[in-house]
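Structure first, then comments.
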Amino acid sequence: MTYSDYIEGTKQVLEQSKSAKKPYTVRVSGKDFIVYPNVFSPKYFRDTELFADHFPIRAGEEMLEIGPGIGAISILAAYKGAGKVLAIDINPDAVKNTQANIQLHHIENKVEVRYGNLYEALKAEEKFDTIFWNTPFGFVEDENVLDLEKAIYDPGYKSTEKFIKEARDHLKNRGRVLIGFSTTLGRLDLLQKFASEAAFLLKVIYETESEEIYPVKFEIFEALPIC
């Protein structure tokens with residue numbers, strides 16, 4: 001099986017997800033969430049629930065999630081004890097979707113969503129104990145990526161590189177970066193390169209096997225600043 005076969009399989013699943021023309025409900029980790037059209041959906045991609053179920057939240061911590069999609073991981077993190085969660089998404093439909101789910105779960109006092117690209121929507125003084133992104137680990141060269149496709153494809157890994165290399169500026173003392181990834185679908189060599197260049201120690205803290213069109217391995221990586 002070649003890398004292009006895996007990427008093509010993911011593209012097929014994405015095309016299936018585009019068939020939704022109106023909002024519907026999915027269940028993630030035992031709770032209901034609304035899914036809007038044009039938003040990355042846990043109905044078709046299992047990594048959201050896998051990462052949500054095994055997300056290592058520390059009680060009371062302040063967390064930033066990049067690319068929340070429907071907002072499931074951010075909201076479930078609040079249920080698990082996070083003190084405050086901020087979610088930022090570049091897809092305006094995902095921002096609306098996350099806000100709808102925040103309201104559905106009556107958790108406005110703990111979870112906030114903003115529109116923006118990576119860290120651009122942050123205020124200068126905002127820093128976090130944990131920064132998380134279920135990264136778009138599909139490496140492609142084509143720059144013409146639609147909003148929904150940005151959830152799974154990162155042209156040239158430019159966004160992933162920026163996410164890692166600028167993360168330190170937004171971490172509290174003893175903060176950490178958590179990265180949702182797939183060594184089957186993603187470029188681990190580039191992830192390791194960016195972490196090394198940004199002086200982060202990278203290690204796997206969770207891994208599992210799943211299946212989309214083909215068997216796929218998913219991981220959560222922890223990146224800790226090297227002082």
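The values are calculated or read from the model by the stated rules, or taken from the named source; none is laboratory data. Because the structure is predicted, anything quoted here is derived from the model rather than measured. Cβ coordinates were reconstructed from backbone atoms using ideal geometry, including for glycine residues, and neighbour counts include every protein chain displayed. Only protein heavy atoms, including side chains, enter the accessible area calculation; ligands, DNA and RNA are left aside. Shrake-Rupley method; radii C 1.70, N 1.55, O 1.52, S 1.80 Å.
Restricting attention to segment 201-215 and to residues that are touching a strand residue (DSSP E or B) at 6+ places or on another chain (Cβ under 8 Å) and at pLDDT below 85, the residue that is most open to solvent (accessible area, probe 1.4 Å) turns out to be 215. Restricting segment 184-227 to residues that are among the β-branched types (Val, Ile, Thr) and touching a helix residue (DSSP H, G or I) at 6+ places or on another chain (Cβ under 9 Å) leaves a set whose member that is farthest from residue 162 (Cα to Cα) is 213. Residue count for segment 28-40 satisfying the condition of being farther than 18 Å from residue 87 by Cα and either aliphatic (A, V, I, L, M) or not in a loop (DSSP other than H, G, I, E, B) (or both): 2. Of the candidates 181, 128, 221, the single residue that is open to solvent by less than 40 Å² (accessible area, probe 1.4 Å), among the hydrophobic types (A, V, I, L, M, F, W, C), within 24 Å of residue 81 (Cα to Cα) and touching a residue at least 60 places away in the same chain (Cβ under 8 Å) is 128. Scanning segment 141-178 for residues that are in contact with a Pro (Cβ under 7 Å, 6 or more places away or on another chain), open to solvent by 40 Å² or more (accessible area, probe 1.4 Å) and in contact (Cβ under 8 Å) with a residue 60 or more places away in the chain yields one hit, 150. Looking only at residues of segment 54-72 that are open to solvent by less than 10 Å² (accessible area, probe 1.4 Å) and of a type in the set (A, V, I, L, M, F, W, C), we find that the one that is nearest to the chain's Cα centre (by Cα) is 66. Within segment 7-27, is there a residue that is in a loop (DSSP other than H, G, I, E, B), within 22 Å of residue 108 (Cα to Cα) and either of a type in the set (Val, Ile, Thr) or open to solvent by 10 Å² or more (accessible area, probe 1.4 Å) (or both)? Yes, segment 7-27 has at least one match.
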